[in-house]
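Novice: Below: one structure in structure tokens.
No lab work stands behind these numbers, since they all come straight from the coordinates. Not measured: the values here are computed from a predicted model. Ideal geometry is used to build each Cβ from the backbone, glycine not excepted, and the neighbour counts take in all protein chains shown.
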Amino acid sequence: MTRAARRTFLLGGLAAGVAGAARAQPEPYPSRPIRLVVPFAPGGGTDLIARILAVRLGEILGGSVVVENRAGASGAIGTAAVARSKPDGYALLFTSSPAIVVLPALQPPPPYDPERDLTPIATIARQAILFVVPAASPHKTLQDLVAAAAATALPYGTPGAGTDPHLAGLALADAARVALTHVPYRGGGPALNGLMTGEVAFLPALTGVAKPLLEDGRARALATTSPHRHTDLPDVPTTTELGFPSVDLVPWWGLFAPPGLDAAAVQRLAAATAELGRDPTWSSRLEKLSVEPISFDALRTAQEVSGQIASWRTRLAGRSID
């Protein structure tokens with residue numbers, strides 16, 4: 001081989017190697033839209049927060065985040081769909097705590113194990129529940145509601161069986177020793193409609209979902225499940241103040257991914273959620289919905305999930321949720 005031919009051969013091999021290395025480089029994340037799966041219907045508390053999250057997370061990541069509602073089975077359908085998705089960071093789950101820590105404590109369990117089938121990313125918010133009645137309701141206080149329920153089983157609406165509002169209703173029935181009739185809807189929005197049309201007597205509703213009805217005078221809050229009164233609802237007593245401390249429930253929301261999530265995506269999402277936790281704009285948007293922003297990383301989230309599943313298994317042992 002002549003010197004010129006050898007030089008041409010070496011340069012060609014070098015060019016091919018460079019091209020191969022370029023092809024082997026991982027694509028930047030995200031390079032296409034991310035699906036943020038919400039396992040509940042549009043209009044509820046989880047959906048409201050998810051839409052704020054999608055915009056802000058997209059800005060931080062430098063990409064597009066699109067909310068996809070996959071309601072059904074109290075959050076199990078959408079959660080299972082993400083658990084089965086490709087672990088590339090383009091299918092994420094944003095859900096409230098029951099789908100992660102309550103449903104797995106029931107029998108039969110949902111078609112996923114959150115400790116095995118999901119990758120925790122972060123816990124980003126929490127919010128108490130309000131017991132809400134229509135403005136025209138004869139029940140002016142929680143004591144009025146309990147007294148009425150002692151005479152006849154009052155119907156109450158929720159976003160579905162096993163959701164935090166449903167658990168709050170069960171906790172109230174247990175604590176007050178009254179019968180209540182559960183009416184499950186496909187999300188917080190439909191449950192609000194049921195309250196306004198008189199299908200149910202009251203709702204245990206997330207504060208952010210009920211707030212518009214409270215502000216325009218269409219509904220009245222009787223109590224909050226938070227251990228402390230809300231600063232923006234100072235006249236609403238807590239269930240502890242009213243003699244029902246076991247009704248205290250503060251739901252949370254977290255971000256999860258399929259198992260085996262790509263390491264680059266894990267790092268990028270971890271950095272993005274950490275930045276989100278320091279963002280005053282994000283905090284301000286949540287606080288307008290009476291939602292408390294928090295920032296628990298993946299490890300803290302995994303610990304909370306494990307501990308709460310164990311707690312709910314003890315609390316719900318031998319009990320059906322419907």
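Novice: For the stretch 129-247, just the Cα set please: Rg and Dmax, both in angstrom.
Specialist: 12.6, 34
Novice: Subtracting the Cα-Cα distance from 0.36 nm times the residue separation, let me have the gained length for Val250 to Ala151 in nm, one decimal.
Specialist: Working: separation 99, 0.36 × 99 = 35.64 nm, distance 2.91 nm.
Between Val250 and Ala151, full extension yields an extra 32.7 nm.
Novice: Moving to a separate point now. Is there a quick way to get the dipole size of the stretch 129-247? I mean about its Cα centre, with the Cβ of Lys and Arg at +1 and of Asp and Glu at -1; what is the value in debye to the nearest 20?
Specialist: Result for the stretch 129-247 is approximately 120 debye, rounded to the nearest 20.
Novice: As I understand it, the dipole of the stretch 129-247 uses +1 on the Cβ of Lys and Arg and -1 on the Cβ of Asp and Glu, about the Cα centre. Which of Thr152, Pro227, Pro212 lies farthest toward its positive end?
Specialist: Highest projection toward the positive end goes to Thr152.
Novice: Find me the longest stretch of the chain that has none of the exposed GluC sites (Glu not before Pro), where exposed means in a DSSP loop (not H, G, I, E or B) with at most 15 other Cβ atoms within 10 Å.
Specialist: Values: sites that count: Glu199, Glu241.
Here the longest segment lacking exposed loop sites spans 1-198.
Novice: Excluding residues on the same chain fewer than 8 positions from Lys211, give the lysines whose Cα lies under 18 Å from its Cα.
Specialist: Of all the lysines, those that pass the test against Lys211 - Cα under 18 Å, at least 8 places apart if same chain - are Lys140, Lys288.
Novice: Quick one: give the max-minus-min coordinate of the C-alpha atoms of the chain along each principal axis, largest first, in Å.
Specialist: In descending order, the Cα extents are 104, 41, 31 Å.
Novice: Using the Cα centre as the reference, give the magnitude of the dipole from point charges on the C-beta atoms of the stretch 271-322 (Lys, Arg: +1; Asp, Glu: -1; all else neutral), rounded to the nearest 20 debye.
Specialist: 220 debye
Novice: Quick check for me: using +1 on Lys/Arg Cβ and -1 on Asp/Glu Cβ, what's the dipole size of the chain about its Cα centre, in debye to the nearest 20?
Specialist: In total the dipole reaches around 1200 debye.
Novice: Which helices, taking whole DSSP H runs in the chain, have alpha carbons extending 27 angstrom or more along the helix axis plus mean Kyte-Doolittle at least 0.0?
Specialist: Once both thresholds are applied, what remains is 3-24.
Novice: Then there's this: Roughly speaking, what is the centre-to-centre gap between the stretch 166-228 and the stretch 22-97 when only Cα atoms are used, to the nearest Å?
Specialist: Cα centroid of the stretch 166-228 versus Cα centroid of the stretch 22-97: 27 Å apart.
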